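Peer 1: I am attaching a structure below and will ask some questions about it afterwards.
The values are calculated or read from the model by the stated rules, or taken from the named source; none is laboratory data. Computed from a prediction, not measured in an experiment: that's the story for all the values here. Here the Cβ is made from the backbone with ideal geometry for all residues, glycine too, and neighbour counts use every protein chain on show.
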Ligand code: T3D
């Protein structure tokens, strides 16, 4: 069904692989369309328990496919805001709003909006050979698709500023040391790590994970008091879930819980 991405759905875990390896999986209009379609499907699945995102070939994603944009003639301008409004903003917003963990496995270079896409995910793994480049400055643009929001929050204003203005690559090891990603993993462990996360998401207390996602993202806008109130509201909801009942009983019975994501 899709030409620019691979999609599969197994046991409530959705796999999305960006699949234009000859162009380092850069975004085209068609890829955006296909991603929109997949995300609509995921939004409609009540049995969804997680999303795993990665790239095919040697790169993760090199941002906007620049060959999709015709060279501008003198005096000609392009409304890039249109592209962001139509494609990138909804992509980032919808991934952030999915009520499940979205786990990114960065298999190679992530540049431009490809870097932003990584940062829009909830948990980020990267292979040791991967690198991250805020490539925008090299073509006279500003970091977009959420990078100016995510990056200073994750690594601090100074690092975000320099990475964005100098467009120098950040290695996966550096990214882990700065707290920009969860883990830098050996290249050869990628498939094993994906298999482990599959199992973890499948066995997870999905509702609690959704509420955790909601609370952690809300914290950047909230005061301590608002955040304590939000935790109270969400924890009250968790107290009514089957998974909490199972988790607390399993603890007392000294066994592993069997969560249903309900
Ligand atoms: O227009 C709008 O909608 C506004 C929104 C913009 C959002 C953005 O993302 S703007 C930023 C766009 N991205 C970039 O500027 C990054 C461009 N790519 C690179 O700088 C380099 O490719 C990398 C540093 C990512 C990787 O370098 P390297 O040496 O490992 O690979 P390469 O040889 O440069 O790339 C391999 C092929 O992919 C190559 O094609 P070829 O020569 O084998 O035929 C290259 O042209 C192609 N490729 C890589 N990135 C893009 C691309 N083709 C089109 N668009 C790309 N972004």
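Peer 1: Looking at the stretch 8-30 only, could you name the residues that are in a strand (DSSP E or B) and closer than 17 Å to residue 101 by Cα?
Peer 2: Once the filter is applied, which keeps residues that are in a strand (DSSP E or B) and closer than 17 Å to residue 101 by Cα, the stretch 8-30 yields 8, 9, 10, 13, 14, 15, 16, 17.
Peer 1: For the stretch 153-165, how many residues are away from the ligand (no atom under 14 Å from the Cβ) and crowded, with 16+ Cβ neighbours inside 10 Å?
Peer 2: Residues in the stretch 153-165 being away from the ligand (no atom under 14 Å from the Cβ) and crowded, with 16+ Cβ neighbours inside 10 Å: 4 in total.
Peer 1: Among the residues of the stretch 22-37, what is the count of those that are more than 18 Å from residue 194 (Cβ to Cβ) and within 13 Å of the ligand (Cβ to nearest atom)?
Peer 2: Summing the residues that are more than 18 Å from residue 194 (Cβ to Cβ) and within 13 Å of the ligand (Cβ to nearest atom) in the stretch 22-37 gives 9.
Peer 1: OK, next. Residue 111: surrounded by 14 or more Cβ atoms within 10 Å (Cβ to Cβ), touching a residue at least 60 places away in the same chain (Cβ under 8 Å) and either within 15 Å of the ligand (Cβ to nearest atom) or assigned by TED's automatic domain parsing to the domain that holds residue 50 (or both), yes or no?
Peer 2: Against the criterion (surrounded by 14 or more Cβ atoms within 10 Å (Cβ to Cβ), touching a residue at least 60 places away in the same chain (Cβ under 8 Å) and either within 15 Å of the ligand (Cβ to nearest atom) or assigned by TED's automatic domain parsing to the domain that holds residue 50 (or both)), residue 111 qualifies.
Peer 1: Going by the conditions given, is residue 136 over 15 Å from residue 18 (Cα atoms), surrounded by 20 or more Cβ atoms within 10 Å (Cβ to Cβ) and out of contact with any helix residue (DSSP H, G or I) (no Cβ under 6 Å at 6 or more places or on another chain)?
Peer 2: Yes.
Peer 1: Please identify the pairs in which a residue from the stretch 125-143 that is over 11 Å from residue 108 (Cβ atoms) has its Cβ atom under 6 Å from the Cβ atom of a residue that is in a loop (DSSP other than H, G, I, E, B) and within 6 Å of the ligand (Cβ to nearest atom), counting only partners at least 6 apart or on another chain.
Peer 2: Sorted first by the residue in the stretch 125-143, then by its partner, the pairs are 135/112; 136/112.
Peer 1: Which condition number in (1) under 21 Å from residue 91 (Cβ atoms); (2) assigned to a helix (DSSP H, G or I) is the one that residue 138 fails?
Peer 2: If we test residue 138 against (1) under 21 Å from residue 91 (Cβ atoms); (2) assigned to a helix (DSSP H, G or I), just (1) comes out false.
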